[in-house]
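A short write-up of the structure that comes next.
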Amino acid sequence: MAKSLSARNIIKRYGGVEALSDGNLDVHTGEVVALVGANGSGKSTMSKVINGVVVLDGGQLFLDDKPVQLSSPQSAKKLGIATVFQELSLIPQMTVAENIWLTREPMTAYGTVNRKEIDKKTNELLSLFQGTYKTDIHPHDPVASLPADEKQIIEILKAISVDPWLIILDEATASLDSRQVTRLFDLVKHWKEAGKAIVFVSHRMEEIFRIADNYSVLRNGKTVGSGKMSDINEKDLVKLMIEKESVFSFSRTGSKKPDKADKPMCLEVDGLHTTTLKGISFRVREGELVGIGGLRGQGQRDLLLSLYGAKPHSGKIKINGKESKFNHPRQAMKKGLALVPGDRAREGLLYIRSILENLLLPSWKKYGFPLKIAKAKHDAGKIAESLNLKMAGLNEPVSSLSGGNAQKVVIGKWLMRQPSLLLLNDPTKGVDVGTKAEFYSLLTNLCNEGKTILFYSSDDEELIGLCDRVLVLHDGIIRTELSGETLTKENLIAASLGISNGGAL
Amino acid sequence: MRRFHLSPPVAALILAVILFILSGLLPNGFGSNLDIARSQATNIVRLAVFLGVIAAGQTLVIISGFEGIDLSAGSVVTLTAILTYVYVNGQDDKVLAALLISFAVGAIIGLINGIGVTFLKISPFVMTLGMSGVVTGAIIVVNHGNVSGKVAPIMTRIIARPISQAIPIPGAIVIWVIFGVLMWLLLERTTFGKNLFAIGVNRVTATLSGVNVTGMNLATYTLAGALAGFGGFLLVGNTGVVLIQLGQPYLFPSIAAVAVGGTLLSGGKGSYWGSMAGAIVLTLITSLLTTMQMPDSVRRMVLGATLLVLISIYGRQRGLRQ
């Protein structure tokens, strides 16, 4: 097995765009290297370089200081390099065991697949994350039946099943809850001690500082800094990534208004039940920014979808004092609701259609017959500009945008309708630091304009820094409500885990 | 480093022009006589009209996605052609009513398709194939194989004859151009059109953005049926006679025309201009091979091969792939 991998002066172009112009990376066994950078800085391309997915336009890879060519993912795998991808590479129709051992099935002496052996090995792998599953996973469960976080875990297990010496974790924690992340980090420490090397790609600063030994920062395709984590703090690291220091000063904004008690009620929910929610009741006043916290999959998604009329539910919902029963998102939209769904590719965007059509999808009716395209373009252009959307033009497909900009399109299509109540499902997932900061100031501004926001985030820092109050969901009920003094990270995590019964400690 | 990029409708039209010019070199071609060339070109476009109109409904259901297709179009064409033929029976004053009946009968059959696809969750392929059988059977049951009737003179005059002595363009082509503009308006300048593309790409996104996917699906199949009905009306106005296999030969070419026009068969992307160009290309190739006195078997082979080549070229283009 190899001891180290180095990338020197890597150049990679996609068409006319230079994704990497001077990429450098050093990994040695027994260490975790954090590969950090804003979206579009070349992180994903860098991981694709190390695992042989892309062909280099320049530069050289060295394995144990000897030049090496990685012509395909297979050749990288043979050299002991495995990748956990952000976009899942699992086949939904196949079972957990079939996915993990695909093309490497253990065989019997007769040349048939050794099912017993597969089940045994799969169970061994599954036991690594024992206790973090919602229900126990069996090797024969189809992958399609698992929630997103557990699919991600299977993806991780698939990567380590080849017993690699170098593991690339590309945003592998983005869809995991805090318990699963902790377990993964325990495993990473264990792998490190066992002499493996890990490249950790993440947007979450806190995780990077928790797990990484070294860092390597990419900015606009160039490696602009690297060193030991112990020699740098969060602020300096972010500064390296975005140059402009000011962007990160979102948290604890002065615009957090403590007293909104005099405002009228915008949303009143009583005894909301769905298949996963077991009686949710809460009130939100106009202009409030209320967070929803908790571990992933505790009913947050169902809560937002029910309010929006996209999920069958029972219970009483009052919008602006009037009882409302929505059976279709259309009805909710007419009352001024808007939903930014959690999975922008599958729920929020029309990938092959233009940015213009995506922005206008909920609003076309306003433009009459025949549609006033010029006016629509004008309005969409204004929204795109106000959101600082980086694009080649409104007629380009959404698939040409980076993650953060694609998310801006999802938010932009609702801002065009001037909604009064915004439901957000983890809008900053997989979004770079710079864009996140833009979102934070956008949300704060919207609240100051009197709009109401209900905001689920898997990032605890975000909830604490941004929200007036946080409702913590656990197992389909509101476990705790945190606000003001009680809104601290310790309380939030405790309540998420369902350990303590009071944020109001 | 942007690659040179041709949109499929333009590519199909260029292909049609090249094929047409080449056809002049054939022994039975127009040679260097421009008058003959012009009348041949007009004739080919006139023949393409009927395929083009039948392909309009097909374009809509294919754009609507989720394996959307209308295999009942051929039999609906036959049905409304026969209805028109029998009902009009040579009387000019019944033509308008016959036109409305054609639309309505097609729409009802389309609506049933839509209900099957939307509520009973039958795959469009199976649902419309079944419907095709039902309609064909119904035609035979109702008229016992004997059809007596007559096309009204006004239909022949408007559809099949040139508009006037001075302008030697058949009415059918004028109707088709107007029809094409209406289709463009529908697809690109109405909320219906925009929502149609949306449900073709991603129905979850569409629903969460307030699109009534169920209603859209029903409306699309109904409209497709109505357009096929209109196709039957036009076709009988041109042929002047009906037979039980009148519409069926147009079914697969109508799907092929949509594909040649660059509309994604998986839905969410396409245009009616493309289908029009596709209809012209297919009609041209067929008539070329006929002029060359190729046997039917060779005609089918060449047509099939052309389709494969065109679609594989589109498949290689940026943007049509994810």
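Label-to-label distance, A:THR108 versus B:SER312, with points set 7 angstrom from Cα along the beta-carbon direction: 4.2 nm. Any idea what the relative contact order of chain B is, in percent, if you count C-alpha pairs under 8 Å spaced at least 6 apart? Over chain B, the number comes to 34 percent. Put simply, the C-alpha atoms of the range B:196-322 give a gyration tensor, and the ellipsoid matching it has half-axes of 31, 22, 10 Å, longest first. Got a number for carbon plus sulfur as a percent of the range B:8-316's accessible area, 1.4 Å probe? Carbon and sulfur atoms account for 72 percent of the accessible area of the range B:8-316. Calculate how large, on average over all directions, the projected area of the Cα convex hull of the range A:382-505 is; give the answer in nm² to one decimal. Averaged projected area of the range A:382-505's Cα convex hull equals 8.6 nm².
Amide H to amide H, with H built 1.01 Å from N, A:GLU31 comes under 5 Å of A:ILE198, counting only residues 5 or more places away or on other chains. Mean residue ellipticity, 222 nm, helices only, chain B: the sum of -39500 (n - 2.57) across DSSP H runs of n ≥ 4, divided by residue count and rounded to 500, is -23000 deg cm²/dmol.
Of the listed residues A:ARG8, A:ARG13, the order by accessible area with a 1.4 Å probe, largest first, is A:ARG13, A:ARG8.
Could you tell me the calculated FRET efficiency between B:LEU185 and A:ASN395, based on Cβ-Cβ distance and R0 = 22 angstrom, to the nearest 0.05? Write out the running numbers ahead of the final one.
On the way: r = 19 Å, r/R0 = 0.87.
Rounded to the nearest 0.05, the efficiency is 0.70.
Taking amide H positions as modeled 1.01 Å from N, with prolines and chain starts lacking one, the residues under 5 Å from A:GLY59 and 5 or more places away or on another chain are A:ILE11.
For the protein assembly as shown, the solvent-accessible area works out to 44 Å² per residue, with a probe of 1.4 Å and every protein chain left in place.
A:LYS77 sits with roughly 110 Å² accessible to a 1.4 Å probe, with DNA, RNA and ligands left out of the calculation. Binning the C-alpha pair distances of the protein assembly as shown at 10 Å intervals from 0 yields a P(r) profile of 2, 11, 18, 20, 18, 14, 9, 5, 1, 0 %, listed from the shortest bin outward.
Nearest 500 deg cm²/dmol is fine: what mean residue ellipticity at 222 nm does chain A get from its DSSP H runs of n ≥ 4 alone, each adding -39,500 (n - 2.57), divided by its residue count? Spell out each step's value before the answer.
Numbers: 16 runs with 154 residues, N = 505.
It comes out at -9000 deg cm²/dmol, rounded to the nearest 500.
Quote the relative contact order of the range A:4-248 in percent (integer), defining contacts as alpha-carbon pairs under 8 Å separated by 6+ residues. Intermediate results must be reported in sequence, preceding the final value.
Values: 451 pairs, mean separation 69.8, N = 245.
Once divided by the residue count of the range A:4-248, the mean separation gives 28 percent.
With q set to 0.13, 0.14 Å⁻¹, the log10 of I(q)/I(0) for the range A:4-248, from the Debye formula over equal scatterers at the Cα positions, is -0.82, -0.94. The mean sequence distance of close C-alpha pairs (under 8 Å, at least 6 residues apart), as a share of the length of the range A:344-418, puts its relative contact order at 49 percent. Pairwise Cα distances in the range B:7-154 exceed 26 Å for 46 percent of all pairs. Note on the protein assembly as shown: antiparallel DSSP beta bridges, both residues inside, total approximately 55 percent of the bridges counted.
Cα centroids of the range B:49-114 and the range A:288-303: 51 Å apart. Shown for the range A:4-248: the carbon plus sulfur share of the solvent-accessible area, taken with all protein chains present and a 1.4 angstrom probe, equals 51%. Per-residue shielding of B:190-202, expressed as the average number of other chain Cβ atoms within 10 Å of the residue Cβ, stands at 5. Buried between A and B is an accessible area of approximately 2300 Å², summed over both sides with a 1.4 Å probe. Helix screen, chain B: DSSP H segments with Cα axial length of 18 Å or more and mean Kyte-Doolittle hydropathy at least -0.5 are B:8-23, B:34-63, B:73-88, B:95-118, B:124-143, B:171-188, B:213-239, B:272-291, B:296-316. Note on A:LYS120: accessible area approximately 110 square angstrom, rounded to 10, probe 1.4 Å, nucleic acids and ligands left out.
Quick test of the membrane-span-like rule: which DSSP H helices of chain A reach at least 15 Å along their long axis (C-alpha atoms) with mean Kyte hydropathy at least 0.0? Provide the component values of the computation, followed by the final result.
Numbers: long enough: A:115-126 (16 Å, -1.57); A:148-160 (19 Å, 0.28); A:178-193 (23 Å, -0.88); A:373-386 (19 Å, -0.49); A:403-415 (18 Å, 0.12); A:433-448 (23 Å, 0.28).
Once both thresholds are applied, what remains is A:148-160, A:403-415, A:433-448.
Compared with its chain on its own, the range A:304-331 contains the following residues whose accessible area drops by 40 Å² or more in the full protein assembly (probe 1.4 Å; ligands, DNA and RNA excluded): A:HIS328, A:ARG330.
Once the chymotrypsin sites (Phe, Trp or Tyr not before Pro) in DSSP loops with at most 11 neighbouring Cβ atoms within 10 Å are cut out of chain B, the longest remaining piece is B:120-322.
The values are calculated or read from the model by the stated rules, or taken from the named source; none is laboratory data. Given the structure is predicted, the values throughout are model-derived calculations rather than measurements. Every residue, glycine among them, receives a Cβ derived from its backbone with ideal geometry; neighbour counts consider all protein chains shown. Surface areas here come from the heavy atoms of the whole protein model, side chains and all, with no ligands, DNA or RNA. Shrake-Rupley method; radii C 1.70, N 1.55, O 1.52, S 1.80 Å.
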